[in-house]
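Taking it in order: structure first as structure tokens, then the write-up.
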Amino acid sequence: MEFFSVDRLVEQKLVKGCPFPLLILPMDVSKKDPESLASAIHKNRQWLDDCLLQCRAMLFRGFELNNALDFDKIVKAFGYREHKYEAGEDERETVVGRVLTVNFSSSVLLSFHNEMAYLDSYPDILMFFCDVEPAVGGNTPIVSGLRVLERMTQEWPDFVAKLREKGVTYVKYYEAKDKDKAIARSERTTSTTLEFLPDGRVIETFVPRSGIAKEVGSGLEVFFNSMAVVYLWKGTHKLCFGDGSEMPVEALDAYLRILDEEKVSFQWKKGDVLVLDNIATMHAREKFKPPRLILASLCNRTTVAA
């Protein structure tokens, strides 16, 4: 590969013998600009897609990417189709092209999840870009859903078996400040039903999801869900099996521990681009002290014409 150099990230782990994440650097330091990188990505799409399938995550580092416009060029160079962010938990705005904001409060821990796994339509691939390095904290840890499923199957086989059989249901409680807006949001997806309570609150119940999926590359089963996020948001969310039965707290606590033990967490550097297979890899976001500006793009694996 004449343009890219593959190296080892200190924090990385091995998943099925593959580095997680795969660290990709510029081979020629004179060709680190956005145009050169975009051109190289375009020319090596198949190799990079194979790397993503095998390694499940890739970190591009050392390239001179300075802003959202540069990131947008990189996103488009991969050739993946855009996945629209609709009915998600976050309020995201378009910065430019296919680049979106990531708006969760700096004081909130966003635990491990697969993006939009609670909906019937979700992205295959996520891309994150570090525009401004966090002052303190603010890492975006990642974890292999394959490793998590292996560990949970070893420690809580009955829980995994019931999850596979019944699936998982997510329930959200919130104030209905704008009833029409809540209805419109729900109608953008077939994944939820709404119940408006006399006190002004809304109960939004999501259609049961399997909680387990198969990797596109290997065909191996992986944990694919948002259970950790919902479990930790106990005041405003509820988590149960797809038949409405309670999930054992002991199993969920073990799940959080395994996520922490298996995670890979690295500090963002200006210009970093993290590419994730959203089916195979969960991500989280630590609390932080501003400034911090991480931008995102959501993609589907089907490519547009070269």
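The values are calculated or read from the model by the stated rules, or taken from the named source; none is laboratory data. Here the structure is a predicted model, which is why all the values come from computation and not from measurement. All Cβ positions, glycine included, derive from the backbone under ideal geometry; neighbour counts span all protein chains shown.
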Of the conditions (1) buried (at least 17 other Cβ atoms within 10 Å of the Cβ); (2) modelled with pLDDT of 95 or more, residue 246 clears all except one; give me its number. (1)
Has the stretch 268-277 got at least one residue that is more than 18 Å from the chain's Cα centre (by Cα) and crowded, with 21+ Cβ neighbours inside 10 Å? yes
Taking the stretch 191-235 and keeping residues acidic (Asp, Glu) and farther than 30 Å from residue 50 by Cβ leaves 195, 199, 204
Provide a single number: the residues in the stretch 1-54 that are among the acidic types (Asp, Glu), assigned to a helix (DSSP H, G or I) and within 22 Å of residue 68 (Cβ to Cβ). 1
Top-ranked residue in the stretch 197-230 [being in a loop (DSSP other than H, G, I, E, B), more than 19 Å from the chain's Cα centre (by Cα) and closer than 14 Å to residue 168 by Cβ; ranked as modelled with the lowest pLDDT]: 207
Tally up the residues in the stretch 257-273 that are of a type outside the set (Val, Ile, Thr) and either under 14 Å from residue 159 (Cβ atoms) or at pLDDT below 95 (or both), please. 1
Residue that is out of contact with any Gly (no Cβ under 7 Å at 6 or more places or on another chain), surrounded by fewer than 15 Cβ atoms within 10 Å (Cβ to Cβ) and outside any strand (DSSP E or B), where the choices are 151, 185, 147, 164: 164
Candidate set from the stretch 260-286 (those that are in contact with a Ser or Thr (Cβ under 6 Å, 6 or more places away or on another chain) and not aliphatic (A, V, I, L, M)); member that is nearest to residue 67 (Cα to Cα): 285
Among 254, 280, 296, the single one that is at pLDDT 95 or above and either hydroxyl-bearing (Ser, Thr, Tyr) or under 12 Å from residue 128 (Cα atoms) (or both) is 296
In the stretch 73-101, what residues are at pLDDT 90 or above, hydrophobic (A, V, I, L, M, F, W, C) and within 17 Å of the chain's Cα centre (by Cα)? 75, 99, 100
How many residues are part of a helix (DSSP H, G or I) and either among the aromatic types (Phe, Trp, Tyr) or closer than 30 Å to residue 176 by Cα (or both) when one looks only at the stretch 236-282? 3
For residue 217, indicate whether it is within 24 Å of residue 266 (Cα to Cα) and surrounded by 14 or more Cβ atoms within 10 Å (Cβ to Cβ). no
Considering each of 39, 30 in turn, give the residue that is at pLDDT 95 or above, among the hydroxyl-bearing types (Ser, Thr, Tyr) and more than 24 Å from residue 141 (Cα to Cα). 39
In the stretch 55-69, how many are in a helix (DSSP H, G or I) and closer than 23 Å to residue 94 by Cβ? 2
Every pair of residues 6+ apart whose Cβ atoms lie under 7 Å, when the first sits in the stretch 151-170 and is closer than 12 Å to residue 252 by Cβ while the second is β-branched (Val, Ile, Thr): 152/160; 152/258; 163/212
